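The values are calculated or read from the model by the stated rules, or taken from the named source; none is laboratory data. Because the structure is predicted, anything quoted here is derived from the model rather than measured. Neighbour counts are summed over all protein chains in view; Cβ atoms, including those assigned to glycine, are modelled from backbone coordinates with ideal geometry.
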Amino acid sequence: MILNALLTVALAQGPAPALDFSGVRLFWRVHDLLVLDREPPPELWDSLFATPGYAALEARERRRARITRAIQLAFRPSEQPAADSVVQAGGWVAGIIPHLRKIPGHRRQLDSIVARWEAGPPWAAAALASARQYLPASAWQGLATPSVSFLFFAPDGRGYPALTVADLLHTLTTSDPERFFAHEFHHFYRHKLSREGSAPAGPFSDLVDLLVNTEFEGVADQLDKRWVPGASDQELLRLFPDSSRRAYYRNYRAEFAAAGRWLAAVDSVLVLAPEPGDTVIARIRRLRDALPDGGRVLGAYMAATIERLGGRAVLVSVVGNSGAFWAAYQEAATACAPACPMLSLAAMQVLRRLLK
């Protein structure tokens with residue numbers, strides 16, 4: 001009986017994820033030339049961006065030129081004055097240069113972790129099991145285990161439909177790799193459930209993207225960030241000695257507490273949407289630029305509220321259906337009103353049309 005139970009668990013979990021480190025190995029070849037103030041030949045850059053992780057990142061986000069420039073600025077001695085100017089000016093490239101500069105100092109640890117994880121990642125089975133707690137069985141039964149491609153690009157990861165992409169340094173320094181990969185694996189499987197078609201053309205595409213992203217990231221955040229809203233400053237300091245990482249989680253905590261303000265901002269745009277014009281388009285763009293993490297934190301608040309008041313089964317039932325996610329939150333918020341902020345009836349009517 002015990003043997004049968006163990007076999008059942010093993011079959012449910014499936015094989016361990018296939019891990020790819022080719023992007024890491026080619027990154028070091030690029031790095032080792034740049035620190036000598038030598039520009040890597042074009043074919044080496046092409047080989048780097050042909051590795052699975054970098055290729056997936058480029059196919060989805062079109063960041064090759066910016067990643068290439070950031071790597072050059074981070075490591076080539078003659079580029080240091082230009083790098084300092086870029087960092088001071090801000091922007092996406094400026095944001096990843098400090099992360100890239102930290103990588104060489106961890107090279108021995110990174111090489112060691114590659115060797116260990118190639119023999120079998122210790123976090124894989126638990127991460128898969130955690131991700132599936134927030135997914136209906138139809139999302140993962142009969143599907144392949146997500147593959148993971150490691151690279152260096154930013155303190156982040158991506159759960160694409162065909163591949164999970166993870167920055168190896170970020171994975172090394174994160175407080176809990178199991179939670180990190182549970183989040184990314186959730187994205188991988190959630191893509192299989194998506195009920196949204198193409199976002200409508202015109203002024204509403206940015207708004208629909210935000211509404212969908214609240215569900216997409218908000219549910220996944222229950223796997224790795226649900227502890228953040230209640231974390232003390234002392235706990236954040238212990239977990240994240242790096243001040244920039246700590247600042248991110250402090251800001252996450254603050255924006256979670258301010259969810260009512262952001263829900264009101266979404267409401268104010270939705271009620272204007274039936275009459276598109278320059279004013280509405282401008283409001284949508286301002287909301288897109290202002291909403292923290294593209295709606296992630298608001299979505300985390302909504303997901304936590306749905307689970308707290310309706311139970312996990314209700315939350316799981318709306319994964320992949322963003323319209324149903326917003327409706328489930330509205331129902332949960334109605335049950336705890338006025339303590340829980342909620343959308344107006346007019347806003348919900350517009351939302352249902354946008355996410356039908």
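Screening Pro121 against (1) under 25 Å from Val148 (Cα atoms); (2) not assigned by TED's automatic domain parsing to the domain that holds Asp167 leaves a single unmet condition, (2). Is at least one residue of the range 102-111 in a loop (DSSP other than H, G, I, E, B) and among the hydrophobic types (A, V, I, L, M, F, W, C)? Yes, the range 102-111 has at least one match.
Against the condition within 18 Å of Pro104 (Cα to Cα) and surrounded by 12 or more Cβ atoms within 10 Å (Cβ to Cβ), how does Phe49 come out, does it pass? No. If you filter the range 20-68 down to residues that are of a type in the set (Lys, Arg) and part of a helix (DSSP H, G or I), you find that the one that is farthest from the chain's Cα centre (by Cα) is Arg29. Of all the residues in the range 305-322, those that are surrounded by fewer than 22 Cβ atoms within 10 Å (Cβ to Cβ), touching a residue at least 60 places away in the same chain (Cβ under 8 Å) and part of a helix (DSSP H, G or I) number 4.
Of the residues Ala162, Ala119, Ala182, Ala124, the single one that is buried (at least 22 other Cβ atoms within 10 Å of the Cβ), of a type outside the set (Phe, Trp, Tyr) and closer than 30 Å to Arg29 by Cβ is Ala124. Annotation note: Cβ proximity below 7 Å between a residue of the range 327-343 that is assigned by TED's automatic domain parsing to the domain that holds Gly311 and a residue that is surrounded by fewer than 12 Cβ atoms within 10 Å (Cβ to Cβ) (sequence gap 6+ or interchain) occurs for Met342/Thr334.
Residues in the range 213-236: is at least one aliphatic (A, V, I, L, M), under 29 Å from Ala129 (Cβ atoms) and outside any helix (DSSP H, G or I)? So that I can check it myself, show each step before the final result.
First, the residues of the range 213-236 that are aliphatic (A, V, I, L, M): 219-220, 223, 228, 231, 236.
Those still in the list that are under 29 Å from Ala129 (Cβ atoms) too: 219-220, 223, 228, 231, 236.
From what's left, outside any helix (DSSP H, G or I): 231.
Checked against the condition, which is being aliphatic (A, V, I, L, M), under 29 Å from Ala129 (Cβ atoms) and outside any helix (DSSP H, G or I), the range 213-236 yields at least one hit.
Would you check if Ala119 is modelled with pLDDT of 90 or more and either small (Gly, Ala, Ser) or over 21 Å from the mean Cα position of the chain (by Cα) (or both)? In short, no. Note on the range 243-287: residues that are aliphatic (A, V, I, L, M), free of Cβ contacts under 8 Å to residues at least 24 places away in the same chain and farther than 17 Å from Ala347 by Cβ total 4. Is there a residue in the range 139-159 that is modelled with pLDDT under 95 and in a helix (DSSP H, G or I)? Checking the range 139-159: at least one residue is modelled with pLDDT under 95 and in a helix (DSSP H, G or I). Right, Arg158: more than 23 Å from Gly23 (Cβ to Cβ) and among the basic types (Lys, Arg) or not? Here the answer is no, as Arg158 does not meet what is asked.
The residues of the range 60-85 that are touching a residue at least 24 places away in the same chain (Cβ under 8 Å), under 13 Å from Pro98 (Cβ atoms) and of a type in the set (Gly, Ala, Ser), listed by number, are Ala70, Ala74. Under the condition of being among the basic types (Lys, Arg) and in contact (Cβ under 8 Å) with a residue 40 or more places away in the chain, the residues counted in the range 21-43 number 0.
Of the candidates Ser244, Ser268, Ser205, Ser232, the single residue that is among the hydroxyl-bearing types (Ser, Thr, Tyr) and in contact with a Pro (Cβ under 8 Å, 6 or more places away or on another chain) is Ser244. Going residue by residue through the range 44-60, is there one that turns out to be in contact with a Pro (Cβ under 9 Å, 6 or more places away or on another chain), modelled with pLDDT of 95 or more and over 18 Å from Leu168 (Cα atoms)? Taking every residue of the range 44-60 in turn, none turns out to be in contact with a Pro (Cβ under 9 Å, 6 or more places away or on another chain), modelled with pLDDT of 95 or more and over 18 Å from Leu168 (Cα atoms).
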